[in-house]
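Have a look at the structure below before the remarks.
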Amino acid sequence: MGGMPLNDMPWWRWRSNVRSALHMLSDPDFQRNVWLAGQEGYGDVTDAVYRLVEDTWLDNWSAEKYVGTIFRDSQEAALVDTAVLRVLRIMHQVGPDAHVSAYLEHQGWPDAVRAARDAHIRLAASDGDDPDVPPRSLDVLRIMTRAA
């Protein structure tokens with residue numbers, strides 16, 4: 001995987017972060033009841049986007065680079081790429097520090113949510129998880145991604 005930054009983070013932690021972000025970005029009820037309501041423990045839209053692209057650099061290159069590591073196949077990668085592009089386009093338009101309502105009210109948000117949902121369902125199914133359980137808090141994610 002030439003050109004990727006050296007990082008000691010294991011692939012399963014990357015996948016957990018990507019899945020967590022996609023899960024939150026794909027759930028309109030969660031967005032209204034948690035993000036919009038200002039509930040603590042789940043971050044915000046910017047935090048979810050950061051987890052999506054932070055270590056993977058999916059804002060700079062295709063998820064296809066990670067097939068065989070973070071992603072199981074090209075279909076997963078393509079769905080993730082679509083979600084990343086739609087969410088980042090909105091983030092660039094409204095700004096990373098915008099209030100949650102600016103994202104939720106953006107005309108492209110329903111398409112971004114749908115793309116995130118498609119990717120979330122595919123990744124959850126590949127991992128044998130129920131895609132419809134509520135997103136986990138960031139504290140639970142931290143516990144799950146501790147180094148073994």
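The values are calculated or read from the model by the stated rules, or taken from the named source; none is laboratory data. On a predicted model such as this, the values are computed, not experimentally measured, just so you know. No Cβ is skipped: glycine too gets one built from the backbone with ideal geometry, and neighbour counts run over all protein chains shown. Please note that ligands, DNA and RNA were not included when accessible areas were found on the heavy atoms of the full protein model with its side chains. Shrake-Rupley method; radii C 1.70, N 1.55, O 1.52, S 1.80 Å.
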GluC sites (Glu not before Pro) in region 16-93 lying in a DSSP loop, each with at most 12 other Cβ atoms within 10 Å of its Cβ, come to E40
Sorted list, accessible surface of protein heavy atoms, 1.4 Å probe, largest first, for R136, R117 is R136, R117
Taking Cα atoms only, helix 109-126 is inclined relative to the longest principal axis of the chain by an angle, in degrees rounded to 10, of 40 degrees
With R₀ set to 30 angstrom, the calculated FRET efficiency between the beta-carbons of I121 and D97, to the nearest 0.05, is 0.50
Helix 11-25: inclination vs the chain longest Cα principal axis, degrees, rounded to 10, gives 20 degrees
PRE zone check, label point 7 Å out along Cα-to-Cβ of N33, amide N under 20 Å, scope region 128-143, hits 130-141
Over the chain, the quotient of the Cα radius of gyration and 2.2 N^0.38 Å is 0.98
